[in-house]
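A.B. asks: Would you mind keeping the following structure in view while I ask a few things?
The values are calculated or read from the model by the stated rules, or taken from the named source; none is laboratory data. Given the structure is predicted, the values throughout are model-derived calculations rather than measurements. Neighbour counts run over all protein chains shown; Cβ positions are idealised from the backbone, glycine included. Only protein heavy atoms, including side chains, enter the accessible area calculation; ligands, DNA and RNA are left aside. Shrake-Rupley method; radii C 1.70, N 1.55, O 1.52, S 1.80 Å.
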Amino acid sequence: MITVKEVTTNKGLKTFVKFPFSLYKDSKYWVPPIVKQELETFDKDKNPIFKDAEARFFLAYKGNTIVGRIAAIVNWLEVDKQQIKKMRFGWFDFIDDLEVSKALLETVENIGRNHNLKYAEGPVGFSNLDKVGVMTEGFDSIAPMITWYNHPYYIDHYKNHGYVIEKEYSESKFPFRNVNPEVFSKAQELIKRRYKLRALKFTKTEEVMPYADKMFDLFNESYASLSSFVEITDIQKEYFKKKFISFVNPEYIKFVVDENDKLIGFAIVMPRFAEALQKANGKLFPFGFTHILKAKKNSKDVIFYLIGIHPEYQNKGVHAVIFNEYYETFTQKGIETCYRTPELEDNEAIHKIWKHFDPVVYKRRKTLRKDL
């Protein structure tokens, strides 16, 4: 007998966050989140996404044992402004028992029907800056901190319960030695002269902050055409600046501006924190913070987190300016491997950008949907 209970207390929410620690305790590849940060993500007083979205959290029990969890999410910007009648769900983890996954999904589906939504889709977060997709390939490699890891049996549960593939994503990597600077070094000089552009270099986080709002505005413009896009609001910008910018080495943030100092291109790269987070095991103190700081300073692997080009400058070679800047930085840092975050399979523009580096797809993931 499976019982699904809604989480209504802080203690219950902490239990929700910590469930995967037991589910993946024997996994070499799962990367635990920092519990404190995960709790803040779900805190209605700290995360401004809750001004435009709502979420409910559920735990599944078999007897007195927790056997699954799920977050039911409605992003009202998406539903009302974009007229996409989607019931979102994420943070979906469960033992290999079809009754457990069915009970959790039916809970989400019923909420969607009560809101007159047309379909459920997951696993997804609140917005485009959250984790996305159930992993279908790549179970034998460590997950980056910015993606979910899951057991191989997950996808079969979705299909068994009537879910079909909605979006497909791939994650790829390439050794830095694959990068031939001749591919973009001459081109980027020509591009800068032709369009009167210049690249900005940063050595301190505070130097980045005056451009941060412009970056999120450009993010909204450059990603607006993607099928999964939900706009980042002004109040969310402040939250994301605090959440992400401090994690990133300032020299790994690259901006390109025109002659009027208007931001027309940006990219954010992060050190690979996966192994450090495994050592931290969900806690910043007493030693977790030390592991993360060491990774930030010394990691020889990096993750391309975001890259965006203003629509007016897309297909004009601006990415060559950005890559030239990274080539210089990565050479100085002794970077060995470059990883990419999940990218939509139908995002042809982004795939063309990377083709010169001979990337290898090492993970695939999907979101799935079911009509309500």
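A.B. asks: For Val100, which of the numbered conditions (1) in contact (Cβ under 8 Å) with a residue 40 or more places away in the chain; (2) more than 24 Å from Glu38 (Cα to Cα) fails to hold?
C.D. replies: Failing condition for Val100: (2).
A.B. asks: Can you confirm whether the stretch 253-270 contains a residue that is part of a helix (DSSP H, G or I) and either in contact with a Lys or Arg (Cβ under 9 Å, 6 or more places away or on another chain) or modelled with pLDDT of 90 or more (or both)?
C.D. replies: no
A.B. asks: Have a look at Val35, Val17, Val31 and point out the one that is open to solvent by less than 40 Å² (accessible area, probe 1.4 Å), under 19 Å from Tyr239 (Cβ atoms), among the β-branched types (Val, Ile, Thr) and touching a Pro at 6+ places or on another chain (Cβ under 8 Å).
C.D. replies: Details: Val35 fails: touching a Pro at 6+ places or on another chain (Cβ under 8 Å); Val31 fails: under 19 Å from Tyr239 (Cβ atoms).
The unique qualifying residue is Val17.
A.B. asks: Continuing with this model, one more query. Which residues, counting only those in the stretch 146-160, are open to solvent by less than 20 Å² (accessible area, probe 1.4 Å) and outside any helix (DSSP H, G or I)?
C.D. replies: Residues satisfying the conditions are Thr147, Asn150.
A.B. asks: Do we have Tyr223 as open to solvent by 10 Å² or more (accessible area, probe 1.4 Å) and either farther than 27 Å from Thr367 by Cα or modelled with pLDDT of 90 or more (or both) here? I'd like the intermediate steps shown before the answer.
C.D. replies: Values: open to solvent by 10 Å² or more (accessible area, probe 1.4 Å): yes; either farther than 27 Å from Thr367 by Cα or modelled with pLDDT of 90 or more (or both): no.
So Tyr223 does not fit the description; no.
A.B. asks: Another one. Got a number for residues in the stretch 199-223 being in contact (Cβ under 8 Å) with a residue 60 or more places away in the chain and outside any helix (DSSP H, G or I)?
C.D. replies: 2
A.B. asks: Also, quick follow-up: Taking the stretch 46-87 as the search range and keeping residues that are more than 13 Å from Ile111 (Cα to Cα) and of a type in the set (Val, Ile, Thr), which one is nearest to the chain's Cα centre (by Cα)?
C.D. replies: It comes out as Ile49.
A.B. asks: For the stretch 24-44, what are the residues that are in contact with a Lys or Arg (Cβ under 9 Å, 6 or more places away or on another chain) and among the hydrophobic types (A, V, I, L, M, F, W, C)?
C.D. replies: Scanning the stretch 24-44 gives Ile34, Val35, Leu39.
A.B. asks: Further, regarding this structure: For the list (1) under 27 Å from Pro20 (Cβ atoms); (2) open to solvent by less than 10 Å² (accessible area, probe 1.4 Å), I need the number of the one condition that Gly308 fails.
C.D. replies: Tallying (1) under 27 Å from Pro20 (Cβ atoms); (2) open to solvent by less than 10 Å² (accessible area, probe 1.4 Å), Gly308 fails exactly one: (1).
Yes/no matrix, rows are residues, columns are (1) closer than 25 Å to Glu182 by Cβ; (2) touching a Ser or Thr at 6+ places or on another chain (Cβ under 9 Å); (3) open to solvent by less than 10 Å² (accessible area, probe 1.4 Å); (4) modelled with pLDDT under 90:
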{"site": "Ala274", "(1), (2), (3), (4)": "no, no, yes, no"}
{"site": "Gln278", "(1), (2), (3), (4)": "no, no, no, no"}
{"site": "Asn281", "(1), (2), (3), (4)": "no, no, no, no"}
{"site": "Phe289", "(1), (2), (3), (4)": "no, no, no, yes"}
{"site": "Lys300", "(1), (2), (3), (4)": "yes, yes, no, no"}
{"site": "Tyr327", "(1), (2), (3), (4)": "yes, yes, no, no"}
{"site": "Gly334", "(1), (2), (3), (4)": "yes, no, no, no"}
{"site": "Tyr339", "(1), (2), (3), (4)": "yes, yes, no, no"}
{"site": "His356", "(1), (2), (3), (4)": "yes, no, no, yes"}
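A.B. asks: Just one of Lys192, Lys243, Lys237 is open to solvent by 20 Å² or more (accessible area, probe 1.4 Å), out of contact with any Ser or Thr (no Cβ under 8 Å at 6 or more places or on another chain) and modelled with pLDDT under 90; which is it?
C.D. replies: None of the others qualify; the one that does is Lys243.
A.B. asks: Just the residues that are open to solvent by 30 Å² or more (accessible area, probe 1.4 Å) and part of a loop (DSSP other than H, G, I, E, B), please, taken from the stretch 161-182.
C.D. replies: Gly162, Asn180
A.B. asks: Also, I was wondering about something else. For the stretch 38-83, how many residues meet the condition of being of a type in the set (S, T, N, Q) and more than 18 Å from Phe21 (Cα to Cα)?
C.D. replies: 4
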